[in-house]
Amino acid sequence: MTSTCAARRTRDQFRADVLAGLSRPQKRLPSKYFYDAAGSQLFDRITELPEYYPTRTELAVMREHAAAMAARCGPRCLLVELGAGSLVKVRLLLDELVAPAGYVPVDVSGEHLRGAARELAADYPGLGVHPVVADFTRPFELPPVPAARRVVYFPGSTIGNFDPAEADDLLGRVARLVGPGGGLLLGIDLRKDTAVLEPAYNDARGVTAAFNRNLLVRINRELGADFDPAAFRHRAFYNHERSRIEMHLVSAAEQRVQMGGATFVFRAGESIHTENSYKYAPAEFAQRAAACGLRADATWTDANGFFAVMHLTAVP
Ligand code: AVJ
């Protein structure tokens with residue numbers, strides 16, 4: 001019963017976001033809706049692509065420096081992960097943590113979350129696993145688990161999908177959530193040559209294009225729209241001025257799309273902006289975080305300087 005109500009609320013929010021986004025002069029769709037079952041599978045395939053460097057680079061940085069990261073977290077910490085991800089990265093950390101007070105994965109998808117929590121609990125018998133079903137872009141509360149320190153783990157450079165104001169808001173809320181002296185262990189994708197960045201979002205096999213178009217497939221299925229996904233071209237490019245990869249779906253011809261009672265008109269060549277993926281310089285990111293109450297005190301990167309994992313401490 002409760003899950004039906006939650007599902008309906010989620011659906012209503014999805015519909016409202018899509019209607020609002022498609023009503024803007026530059027049409028937009030929020031990238032957080034990429035991850036239905038099919039979209040999550042496509043994303044997993046993206047992480048395996050030769051052109052897509054972030055996931056394997058972050059994993060390599062985690063593998064090499066997990067012990068140092070765990071030392072920063074300190075003994076008896078409560079580890080709070082935003083998004084119950086693949087569980088591969090957090091294991092690297094858990095394997096090195098000294099007497100962790102518990103693990104709190106936070107995710108909107110209750111189903112995915114419970115599965116992930118069960119799997120992890122089975123492999124770490126002594127560890128208290130306390131899943132929280134919540135949209136971490138909104139305020140949420142932590143279970144009252146006694147701990148020496150709270151540390152939020154936010155891997156995957158998901159912070160890159162937030163516009164600067166949204167990122168600042170999230171950083172501020174993390175600082176309050178962990179409290180003074182608490183920590184944030186964060187994965188961020190770094191600024192680099194366009195010749196590396198753009199192919200990562202324009203793979204030769206077209207998996208990223210399918211991932212992008214799947215958003216329209218999902219809107220058709222869940223909200224009863226009549227998008228023709230094949231009538232939209234995938235476009236991804238680096239916006240130097242804003243320091244971000246932008247993904248768009250470009251209408252191949254003039255067309256109309258119906259959803260509920262609404263009609264959306266597309267000119268030939270008009271785009272829907274579906275994602276931003278901001279790229280940062282470590283020092284620049286540390287500066288933004290400082291303004292939000294988080295002091296960067298350790299940064300680990302790969303030899304190419306493609307990706308960074310940063311530890312930050314909330315200041316009083
Ligand atoms: C999941 C946010 C890390 O921005 O690189 C991959 C999502 N989009 N290919 C990213 C994504 C297109 C990805 N993150």
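Table for the structure above
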{"item": "Selection count, the range 132-158, where residues are under 17 Å from LEU87 (Cβ atoms) and open to solvent by 80 Å² or more (accessible area, probe 1.4 Å)", "result": "1"}
{"item": "Members of the range 163-219 found to be hydroxyl-bearing (Ser, Thr, Tyr) and either within 14 Å of the ligand (Cβ to nearest atom) or buried (at least 18 other Cβ atoms within 10 Å of the Cβ) (or both), listed by number", "result": "TYR201, THR208"}
{"item": "Count of the range 102-130 residues which are in a loop (DSSP other than H, G, I, E, B) and open to solvent by less than 30 Å² (accessible area, probe 1.4 Å)", "result": "2"}
{"item": "Number of the condition not met by ALA253 [criteria: (1) away from the ligand (no atom under 16 Å from the Cβ); (2) assigned to a helix (DSSP H, G or I)]", "result": "(2)"}
{"item": "Residues of the range 66-88 satisfying the condition of being part of a helix (DSSP H, G or I) and touching a Ser or Thr at 6+ places or on another chain (Cβ under 9 Å)", "result": "ARG72"}
{"item": "Hits in the range 37-51 (condition: within 14 Å of the ligand (Cβ to nearest atom), in contact with a helix residue (DSSP H, G or I) (Cβ under 7 Å, 6 or more places away or on another chain) and not aromatic (Phe, Trp, Tyr))", "result": "GLY39, LEU42, ARG45, ILE46, THR47, LEU49, GLU51"}
{"item": "Test set (1) modelled with pLDDT under 95; (2) open to solvent by less than 30 Å² (accessible area, probe 1.4 Å) - GLY74 fails condition number", "result": "(1)"}
{"item": "Matching residues, the range 133-162, being aromatic (Phe, Trp, Tyr) and away from the ligand (no atom under 16 Å from the Cβ)", "result": "PHE140"}
{"item": "All positions within the range 278-301 that are over 25 Å from GLY179 (Cβ atoms), more than 19 Å from the chain's Cα centre (by Cα) and either open to solvent by less than 20 Å² (accessible area, probe 1.4 Å) or of a type in the set (Asp, Glu) (or both)", "result": "GLU284"}
{"item": "Checking PHE14 against (1) open to solvent by 60 Å² or more (accessible area, probe 1.4 Å); (2) part of a helix (DSSP H, G or I), the condition it does not meet", "result": "(1)"}
{"item": "Identity of the residue in the range 226-250, of a type in the set (Phe, Trp, Tyr) and either open to solvent by 30 Å² or more (accessible area, probe 1.4 Å) or more than 16 Å from the ligand (Cβ to nearest atom) (or both), that ends up farthest from LEU19 (Cα to Cα)", "result": "PHE237"}
{"item": "Residues located in the range 256-269, provided they are surrounded by 12 or more Cβ atoms within 10 Å (Cβ to Cβ) and either of a type in the set (A, V, I, L, M) or within 15 Å of the ligand (Cβ to nearest atom) (or both)", "result": "VAL257, MET259, ALA262"}
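For every residue, the table says whether it meets (1) over 19 Å from the mean Cα position of the chain (by Cα); (2) touching a residue at least 12 places away in the same chain (Cβ under 8 Å); (3) open to solvent by 30 Å² or more (accessible area, probe 1.4 Å).
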position	(1), (2), (3)
THR4	yes, no, yes
ALA7	yes, no, yes
THR10	no, yes, yes
ALA20	yes, no, yes
GLN26	yes, yes, yes
PRO30	no, yes, yes
TYR33	no, yes, no
GLY39	no, yes, no
ARG45	no, yes, yes
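The values are calculated or read from the model by the stated rules, or taken from the named source; none is laboratory data. This is a predicted model, so every value here is computed, not measured. Every residue, glycine among them, receives a Cβ derived from its backbone with ideal geometry; neighbour counts consider all protein chains shown. What goes into the accessible areas is simple: the full protein's heavy atoms, side chains included, and nothing from ligands, DNA or RNA. Shrake-Rupley method; radii C 1.70, N 1.55, O 1.52, S 1.80 Å.
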